[in-house]
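Below is one structure; the comments refer to it alone.
The values are calculated or read from the model by the stated rules, or taken from the named source; none is laboratory data. Since the model is a prediction, treat every value here as computed from it, not as a measurement. A quick note on method: Cβ atoms are made from the backbone with ideal geometry, for glycine too, and the neighbour counts reach across all protein chains shown. Ligands, DNA and RNA are excluded from the accessible area calculation, which covers all protein heavy atoms including side chains. Shrake-Rupley method; radii C 1.70, N 1.55, O 1.52, S 1.80 Å.
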Amino acid sequence: MTVIAKTDADFVFEGIPQIEEAEARVPGPADPLGHLAQLAGTWKGHGFNTIWRPHTLAGSGQDRFLELNLTTETLAFSKINGAIPNRGLLMHDISLFGLTYMQQIAETSNGKGLHIEPGIWATVPKTTDPNEPASVVRMASIPHGTVILAQGTALAVTGGPHIDDNNIIPFAIGSPSPPNSDFATAEGTFKELNLSTSTTFRFKSPGVTQEMVKNPNSVLTAAIHGQDIKNTTVLVISTKHTPVKGGGTANTAFLEAAANPPGGNANAVEVDATFWIETVAGAPGKPDQLQLQYTQLVQLDFNGLRWPHVTVATLHKQ
């Protein structure tokens with residue numbers, strides 16, 4: 001039985017004293033959750049996880065281990081009742097509206113847990129001080145020792161999603177991430193990327209292909225190939241203070257290891273993610289279906305390099 005953490009049915013946020021509604025409330029969608037409204041409920045599906053893990057140098061001279069997992073996921077959202085008050089000093093008070101969520105990801109081949117994440121998604125109205133547009137924010141706790149606050153924008157588009165290619169090629173801290181065209185060269189240095197090369201420093205789920213390793217987002221495009229997607233809600237968030245200021249990551253001492261720079265044991269320094277809520281046309285005589293896809297990039301710093309950790313999934317509303 002899956003137990004989902006959520007607030008009690010009779011718990012309702014209410015500011016004391018009440019927020020001054022006339023000044024604080026900004027005209028918007030009828031549902032105060034706005035673009036987040038369709039998230040409410042439980043989603044299940046499958047995806048792909050890639051992560052470079054640090055490996056103790058002693059004896060092997062090897063600083064890394066590459067894990068490639070086909071995944072099974074449950075992502076459940078529960079609406080928070082009432083407006084969440086934020087008190088203003090330089091401008092009037094504002095109200096946030098949100099949902100709690102619980103994400104659970106397991107290795108498909110054996111059912112072993114890989115990731116669990118409780119958190120909150122919320123809408124933030126446009127503000128004047130600071131001067132920021134209306135935004136969405138995700139606040140997440142990861143039990144490996146990291147918390148994130150990623151903020152960004154939301155929009156609705158006609159048709160399906162635009163999904164760019166991506167890669168997991170490590171690169172120097174402070175340098176730009178390399179393009180996908182560098183993959184062949186990177187295989188010479190990071191032999192774990194080449195699935196035809198045998199190594200004890202890689203785990204690969206049955207069914208993982210070389211194309212998936214070269215471009216993890218190819219798993220997403222393959223999942224929607226041939227679908228008739230009528231419209232898509234796009235949520236783009238980042239911890240990098242762009243396109244909306246605010247956000248960041250925090251790590252335990254073991255991960256951050258400030259006394260052992262650069263990068264510590266596995267310091268999660270940046271998170272970027274895009275979520276697509278897609279309305280898929282049903283078969284003749286059948287209702288349309290909601291589908292949730294996402295791609296997430298976490299940058300891990302250790303041993304002087306930045307190691308991309310990419311997770312993607314395609315989930316269906318239950």
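In the set I173, I163, only one residue is at pLDDT below 95, under 24 Å from the mean Cα position of the chain (by Cα), closer than 16 Å to L297 by Cβ and not polar (S, T, N, Q); that residue is I173. Here T314, T295 are screened, and the one residue that is within 18 Å of the chain's Cα centre (by Cα), part of a strand (DSSP E or B), over 19 Å from Q151 (Cα atoms) and among the hydroxyl-bearing types (S, T, Y) is T314.
Every condition in (1) more than 23 Å from F48 (Cα to Cα); (2) at pLDDT 95 or above is met by M102 except one, and the failing one is (1). Among the residues of the stretch 266-296, those identified as farther than 15 Å from I173 by Cβ and touching a Pro at 6+ places or on another chain (Cβ under 9 Å) are T274, W276, E278, Q293, T295. Please determine whether any residue of the stretch 244-259 is basic (K, R), surrounded by fewer than 21 Cβ atoms within 10 Å (Cβ to Cβ) and either touching a His at 6+ places or on another chain (Cβ under 7 Å) or free of Cβ contacts under 8 Å to residues at least 24 places away in the same chain (or both). For the stretch 244-259, residues basic (K, R), surrounded by fewer than 21 Cβ atoms within 10 Å (Cβ to Cβ) and either touching a His at 6+ places or on another chain (Cβ under 7 Å) or free of Cβ contacts under 8 Å to residues at least 24 places away in the same chain (or both): absent. Elements of the type strands (runs of 3 or more DSSP E) sitting completely within the stretch 37-108 and holding at least 2 residues that are in contact (Cβ under 8 Å) with a residue 40 or more places away in the chain, open to solvent by less than 20 Å² (accessible area, probe 1.4 Å) and among the small types (G, A, S): these cover 41-54, 94-107. Checked against (1) over 30 Å from E192 (Cα atoms); (2) at pLDDT 95 or above, H46 meets all criteria but (1). Taking the stretch 267-289 only, how many residues are under 14 Å from T146 (Cβ atoms), open to solvent by 30 Å² or more (accessible area, probe 1.4 Å) and within 12 Å of the chain's Cα centre (by Cα)? Adding up the residues that qualify gives 1.
In the stretch 224-234, the count of residues that are at pLDDT 95 or above, within 21 Å of the chain's Cα centre (by Cα) and under 27 Å from H144 (Cβ atoms) is zero. Among the conditions (1) under 21 Å from N69 (Cα atoms); (2) modelled with pLDDT of 95 or more, the only one that I237 does not satisfy is (1).
Filtering the stretch 154-181 to residues that are surrounded by 14 or more Cβ atoms within 10 Å (Cβ to Cβ) and either under 11 Å from W276 (Cβ atoms) or hydrophobic (A, V, I, L, M, F, W, C) (or both) leaves A154, G160, P161, I163, I168, I169, F171, I173.
The residues on offer are N86, N110, and the sole one that is at pLDDT 95 or above and over 23 Å from the mean Cα position of the chain (by Cα) is N110. Number of residues in the stretch 126-149 that are over 27 Å from Q289 (Cβ atoms) and assigned to a strand (DSSP E or B) equals 13.
Screening the candidates L292, L315, L297 for the property of being at pLDDT 95 or above, aliphatic (A, V, I, L, M) and open to solvent by 10 Å² or more (accessible area, probe 1.4 Å) yields one hit, L297.
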